[in-house]
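Visitor: First, the structure itself, so that you have it in front of you.
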Amino acid sequence: MNVTLAVKQYVSKMIENSGPGMKVLLMDRETTSIVSVVYTQSEILQKEVYLFERIDSQNRDCMKHLKAICFLRPTKENIQHLIQELRRPKYSVYFIYFSNVISKSEIKALAEADEQEVVTEVQEFYGDFIAVNPHLFSLNLQGVSRGRSWEPSMLSRCTQGLTSVLLALKKCPMIRYQLSSDVSKRLAESVKQIITKEYELFDFRKTEVPPLLLILDRSDDSITPLLNQWTYQAMVHELLGLNNNRIDLSRVPGISKDLREVVLSAENDEFYANNLYLNFGEIGTNIKNLMEDFQKKKPKDQQKLESIADMKAFVDNYPQFKKMSGTVSKHVTVVGELSRLVTERQLMEVSEVEQELACQSDHSNAQQNVRRLLQNPRLSELDAVRLVMLYALRYERHSSSILPSLMDDLSRRGVSERHRRMVQAVVEYGGKRVRGSDLIMATDAVAITKQFFKGLKGVENVYTQHQPLLHDTLDQLIKGRLKDSQFPYLGASSLRDRPQDIIVFIIGGATYEEALTVYNLNRSTPGVRIVLGGSSIHNTKSFLEEVLSTTSHGGDRPQGSGRHSNRR
């Protein structure tokens, strides 16, 4: 179960099918992202694809010596663009691949437009999602629901994304959903409807234990996306923002031109792949080792180039040095900027209090620590608000809650009204009234005993005590203890055996901390394979946008969301 490999194989197959010769890859806005996350431009160039174009671009040149490989989402707009293209073809032949199921009527419309008979083949290749890591996918959607209901276009897009993941991984699953969430049930029913309608597509070889799709709601755990992170990938996203594996570093003081935007991809960057899930301290050590390694291998200026053989050896080795030099400078820059932000925003101190709020239940200590930090002039507005949100979620119904007083502290600090409104919005979005599970309190004796012993042993790392709710949910699921009363099956049948292939989808967005949980569970549980997906991958800022657009505090919907068209 590897989503990165699934999309890579689709793209390779498209290029292979078109045979030898020069090619253009014709995509839309979304499929451009889907492809760029799994393949670099230079990798695709090696496969004789010399041009990358957008189907909606008006000023493309006519190039009859090129074959066109079209990889498009099956939207109404794309079908119209294709019809226009086929009426006046700019390339010699067309190989058309849709990222999801396309209707017979749309195929007919394309056939009628193809008067010059330039279309060689039309196929469905189900890469309708962003493969972030091998076990993590996203649909890059922001603001999927309003209140407790779906935005209709978003339900359609999430259904398409999820069914395409199932088709890409060749899974026809049983479905479980979070009972406390109406949107989870709606999505479960919508996915089931497509599986029933397209039953021939889902006719895969039966496995002894059927795969399982588990649909969850972000509002059940609003604490995880509010925490500062300390592992490399999660930290980069939290502090710098990762968008389709790209980081915008243009605002970094004194940044050089070639490092204004950098790509972090585990597929093409060995250092990143090895350090993805390591904590900040370990990354610092590893970056030092990387630099020392580079110093040793770096060609010396005085290196003797006396013979042709010397020169040839140098030229042969140089691309490798160039690549290594790029890797070193990229990671030194990224880690340097993370380090600057940690110091500037005093994030170690902030994070310690966040972890205490998330994992412990000493109210008097918590209120003192939050108060103390709110007096600190170096605390950023976002960090101040985030601490008050965590306090509000944690001690929502505590008899001695000091939330009104903390809100006054935020006002005195000059925190914007928009940010102050978000505190109430977060409680409305993920407070006790909404949650289906017990996010905060360990209620049963066993759990309390476990916490007690954990306390006795001491915590390995004060900054990473927190475990997302997803960890417990998956742990219970794997052990066959996840309650049907809270996570019912859709339909009559249920799993008798321990599940082996699990696809989890979080409506409202997943996080890199949850991706780390899944990565660790995959490594520690032989025979169980888990893939995690979300309508998006959140850091605190994007999560708060999601909260605002879902609750009535949102005002206008965030730009760029809710624009996805229905499939047919």
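Visitor: Could you list all residues from segment 250-295 that are open to solvent by 70 Å² or more (accessible area, probe 1.4 Å), under 24 Å from Tyr512 (Cβ atoms) and among the acidic types (Asp, Glu)?
Guide: Answer for segment 250-295, where residues must be open to solvent by 70 Å² or more (accessible area, probe 1.4 Å), under 24 Å from Tyr512 (Cβ atoms) and among the acidic types (Asp, Glu): Glu261, Glu267, Glu270, Glu282.
Visitor: Can I ask one more? Within segment 238-249, how many residues are under 18 Å from Ile34 (Cα atoms) and open to solvent by 60 Å² or more (accessible area, probe 1.4 Å)?
Guide: 2
Visitor: Also, quick follow-up: Are any residues in segment 66-77 open to solvent by 10 Å² or more (accessible area, probe 1.4 Å) and closer than 18 Å to Val24 by Cβ, and if so, which ones?
Guide: Lys67 - this is the single residue of segment 66-77 that is open to solvent by 10 Å² or more (accessible area, probe 1.4 Å) and closer than 18 Å to Val24 by Cβ.
Visitor: Collect the residues in segment 28-50 that are within 13 Å of Asn244 (Cβ to Cβ), out of contact with any helix residue (DSSP H, G or I) (no Cβ under 7 Å at 6 or more places or on another chain) and either aromatic (Phe, Trp, Tyr) or not in a helix (DSSP H, G or I) (or both), keeping them in residue-number order.
Guide: Thr40
Visitor: Among (1) out of contact with any Gly (no Cβ under 9 Å at 6 or more places or on another chain); (2) more than 30 Å from Glu381 (Cβ to Cβ), which single condition is Lys192 missing?
Guide: Lys192 satisfies every listed condition except (1).
Results for (1) touching a Gly at 6+ places or on another chain (Cβ under 8 Å); (2) polar (S, T, N, Q), shown as yes or no for each residue.
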residue	(1), (2)
Val118	no, no
Asn133	no, yes
Leu136	yes, no
Thr159	no, yes
Cys172	no, no
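Visitor: Another question, if that's okay. What is the one condition in (1) under 22 Å from Gln80 (Cβ atoms); (2) open to solvent by 10 Å² or more (accessible area, probe 1.4 Å); (3) under 17 Å from the mean Cα position of the chain (by Cα) that Asn2 does not satisfy?
Guide: (1)
Visitor: In segment 358-371, what residues are crowded, with 20+ Cβ neighbours inside 10 Å and either touching a residue at least 40 places away in the same chain (Cβ under 8 Å) or more than 19 Å from Ser405 (Cα to Cα) (or both)?
Guide: Answer for segment 358-371, where residues must be crowded, with 20+ Cβ neighbours inside 10 Å and either touching a residue at least 40 places away in the same chain (Cβ under 8 Å) or more than 19 Å from Ser405 (Cα to Cα) (or both): just Ala358.
Visitor: Can you tell me which residues in segment 491-516 are touching a residue at least 12 places away in the same chain (Cβ under 8 Å) and either over 17 Å from Gly533 (Cα atoms) or in a loop (DSSP other than H, G, I, E, B) (or both)?
Guide: Within segment 491-516, Gly491, Ser493, Ser494, Leu495, Asp497, Arg498, Pro499, Gln500, Gly508, Gly509 meet the criteria.
Visitor: Considering only segment 42-67, state which residues are closer than 16 Å to Tyr10 by Cα and either at pLDDT 90 or above or of a type outside the set (Asp, Glu) (or both).
Guide: Residues satisfying the conditions are Ile44, Lys47, Val49.
Visitor: A further question follows. Name the one entry in Met348, Met389 that is surrounded by fewer than 17 Cβ atoms within 10 Å (Cβ to Cβ), modelled with pLDDT of 85 or more and of a type in the set (A, V, I, L, M).
Guide: After ruling out the rest, the residue left standing is Met348.
Visitor: Out of all the residues in segment 492-499, is one or more surrounded by 18 or more Cβ atoms within 10 Å (Cβ to Cβ) and at pLDDT 80 or above?
Guide: Yes - at least one qualifying residue is present in segment 492-499.
Visitor: Name the single residue that is modelled with the lowest pLDDT among those in segment 315-345 being open to solvent by 80 Å² or more (accessible area, probe 1.4 Å) and of a type in the set (D, E, K, R).
Guide: Filtering first and then ranking leaves Asp316.
Visitor: Taking Thr4, is it in contact with a Leu (Cβ under 7 Å, 6 or more places away or on another chain) and in a helix (DSSP H, G or I)?
Guide: No: the conditions fail for Thr4.
Visitor: Can you tell me which residues in segment 161-216 are polar (S, T, N, Q) and either modelled with pLDDT under 90 or open to solvent by 50 Å² or more (accessible area, probe 1.4 Å) (or both)?
Guide: Of everything in segment 161-216, those that are polar (S, T, N, Q) and either modelled with pLDDT under 90 or open to solvent by 50 Å² or more (accessible area, probe 1.4 Å) (or both) turn out to be Ser180, Gln193, Thr196, Thr207.
Visitor: Within segment 135-158, can one find any residue that is within 30 Å of Lys90 (Cβ to Cβ) and open to solvent by less than 10 Å² (accessible area, probe 1.4 Å)?
Guide: Checking segment 135-158: at least one residue is within 30 Å of Lys90 (Cβ to Cβ) and open to solvent by less than 10 Å² (accessible area, probe 1.4 Å).
Visitor: Which of the residues belonging to segment 24-50 are buried (at least 16 other Cβ atoms within 10 Å of the Cβ) and within 17 Å of Leu82 (Cα to Cα)?
Guide: Val24, Leu25, Leu26, Met27, Asp28, Glu30, Thr31, Thr32
Visitor: Continuing with this model, one more query. Looking at (1) among the hydrophobic types (A, V, I, L, M, F, W, C); (2) over 23 Å from Phe202 (Cβ atoms); (3) over 32 Å from the mean Cα position of the chain (by Cα), which is the one condition that is false for Ile107?
Guide: (2)
Visitor: Take the residues in segment 51-62 that are assigned to a loop (DSSP other than H, G, I, E, B) and open to solvent by less than 50 Å² (accessible area, probe 1.4 Å); name whichever of them is farthest from Ser265 (Cα to Cα).
Guide: Here the answer is Arg60.
Visitor: Consider segment 9-23. How many of its residues are open to solvent by less than 50 Å² (accessible area, probe 1.4 Å) and either β-branched (Val, Ile, Thr) or under 24 Å from the mean Cα position of the chain (by Cα) (or both)?
Guide: Counting residues in segment 9-23 that are open to solvent by less than 50 Å² (accessible area, probe 1.4 Å) and either β-branched (Val, Ile, Thr) or under 24 Å from the mean Cα position of the chain (by Cα) (or both) gives 4.
Visitor: Right, something else. Restricting attention to segment 226-271, which residues are of a type in the set (Gly, Ala, Ser), more than 23 Å from Ile44 (Cβ to Cβ) and at pLDDT below 90?
Guide: Across segment 226-271, the qualifying residues are Ser250, Gly254, Ser256.
Visitor: Still on this structure: So for segment 372-387 (the condition being hydroxyl-bearing (Ser, Thr, Tyr) and over 25 Å from Gly281 (Cα atoms)), does at least one residue qualify?
Guide: no
Visitor: Further, regarding this structure: Taking the residues in segment 458-490 that are open to solvent by less than 60 Å² (accessible area, probe 1.4 Å), modelled with pLDDT of 80 or more and in a loop (DSSP other than H, G, I, E, B) as candidates, determine which candidate is farthest from Gly281 (Cα to Cα).
Guide: Leu490
Visitor: Here is a follow-up. Would you confirm whether or not segment 417-430 contains a residue that is among the polar types (S, T, N, Q), outside any helix (DSSP H, G or I), open to solvent by 30 Å² or more (accessible area, probe 1.4 Å) and modelled with pLDDT of 90 or more?
Guide: Within segment 417-430 (the criterion being among the polar types (S, T, N, Q), outside any helix (DSSP H, G or I), open to solvent by 30 Å² or more (accessible area, probe 1.4 Å) and modelled with pLDDT of 90 or more), the answer is no, since none of the residues qualifies.
The values are calculated or read from the model by the stated rules, or taken from the named source; none is laboratory data. From a predicted model like this one, the values you see are computed outputs, not experimental measurements. Neighbour counts are summed over all protein chains in view; Cβ atoms, including those assigned to glycine, are modelled from backbone coordinates with ideal geometry. We work out accessible area using only protein heavy atoms, side chains counted, and drop any ligands, DNA or RNA first. Shrake-Rupley method; radii C 1.70, N 1.55, O 1.52, S 1.80 Å.
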